[in-house]
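Read-outs throughout are calculated quantities, based only on the coordinates presented, and are distinct from any laboratory measurement. Please read all numbers here as calculations on a predicted model, not as lab measurements. When we count neighbours, we look across all protein chains shown, and the Cβ atoms used for this are built from the backbone with ideal geometry, even at glycine.
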Amino acid sequence: MGFCLPVCKVFRRGKYLFLFLISLSVLAWIANLSGETMKEAPVSFATPQALVKGESLREKLNALTATPDRLITPAAKEQCPEESPLLRKGAVKLSFESSLKLKDVESDNKAVIEGEFEPSDCTARQSVAILIPHRGREKHLLYLLHHLHPFLQRQQLHYAIYIIQQAGDATFNRAKLLNVGYLEALKDYSWDCFIFHDVDLVPENDHNLYFCDKQPKHLVVGRNATGYKLRYKGYFGGVTAMNRDQFFQVNGFSNNYWGWGGEDDDLRVRVELQKMKIVRPPADIARYTMVFHKRDSGNQINKDRMRLLGRTPLVWRKDGLNSCSYKTMSLERLPLYVNVTVDIGKPLS
Ligand code: UDH
Ligand code: MN
């Protein structure tokens, strides 16, 4: 016994440790199951890379269905050319048929899987997440999907479309929804580039490239509703493109702009504080048709926007991606887009 005692003690301790570890893993498993649909941010992260998973949907599908002779690995494909041969010259004819149905758009875009597409014959130069803030604009969304899917495919992009739906009827918050879109999309894939896209703006020219540049890019120089003029000097709204690091560096959008206006100017200030410079494609290319609409109820003019804008240089470090708290109500992978419905709360007062 005297000899056995220390050994038995170690053994017994080992047994308890083993039991403890088993219960830990059961708890972790239960937590994982119940956290599937309701998740709460803020997420803690040091770099945007920390959020990502490596594989695209297409790669996963390849892995599931491929036999060695069928497998198209990215390495086997050449990089897509600098300018896609599929781009159409001049203005693309846009149609807004009231009889258009989601089923029609789905059958026109069979190569899109759960909102994601990759060229079959070359490796895309960039992987781009299109983020669209949305609530109650279903017809606009249908028109946009109808035009945007073929448009992005002609640009030979690897892309996915994310619709971020604000749940409930609190005042709309476009900027916070776009922050959520960035955080959620990065859980799927390490996207290079993010396009922040209003639901009602349809690009008229294929040469308006949905690629990210070395600097943040503003894509809506003109729209039908403004006689194709920039709305005002410095305007940075409607459709913008920032790469993963640029958006991370400015801490994303502010979460505090409830209602219409100011959030896009706030992003411009953040970009300028980082000494980045906004670039724009030529005016004859960066043209959009905005589907006509009136102001939505639930998105009244934000009277506080000028005061908030004055404080941006003081608060941007702690108001943005790193303070974006929300509850994901559901995440559905529909044929043409990933539908993320979120509870983003409501204004404080
Ligand atoms: N959005 C929604 N639902 C809403 C509000 C906004 O989906 O209830 C999204 C949508 O993506 C939209 C974007 O937020 O494109 C920007 O909102 P907006 O289109 O209402 O903003 P815009 O500046 O119009 O285009 C403002 C009111 C226009 C009044 C016109 C009177 N002449
Ligand atoms: Mn609009």
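What to note about this one:
- Centre separation in Å (Cα based) which lies between the stretch 107-142 and the stretch 202-222: 16 Å
- Cα centroid separation - the stretch 261-285 against the stretch 225-242, whole Å: 9 Å
- Under the Debye formula (equal points on every Cα, no solvent term), log10 I(q)/I(0) of the stretch 214-349 at q = 0.14, 0.19 Å⁻¹: -0.80, -1.36
- Unsatisfied cross-links (Cα-Cα over 21 Å) in the set K176/K233; K214/K275; K103/K139; K217/K318; K176/K303: K176/K233; K217/K318
- Note on the stretch 132-221: with charges restricted to the Cβ of Lys and Arg (+1) and Asp and Glu (-1), its dipole about the Cα centre is near 120 debye.
- Dipole magnitude of the stretch 102-343, debye to nearest 20 (Cβ charges: Lys/Arg +1, Asp/Glu -1, about Cα centre): 1080 debye
- Separation of alpha-carbon centers, the stretch 289-349 and the stretch 149-180, rounded to whole Å: 12 Å
- Only one residue of L157, F247, Y189 has its Cα farthest out toward the positive end of the dipole of the stretch 117-260, where Lys and Arg carry +1 and Asp and Glu -1 on Cβ, and that residue is F247.
- Which of Y235, L321, G259, positive extreme of dipole for the stretch 213-349 (C-beta unit charges): Y235
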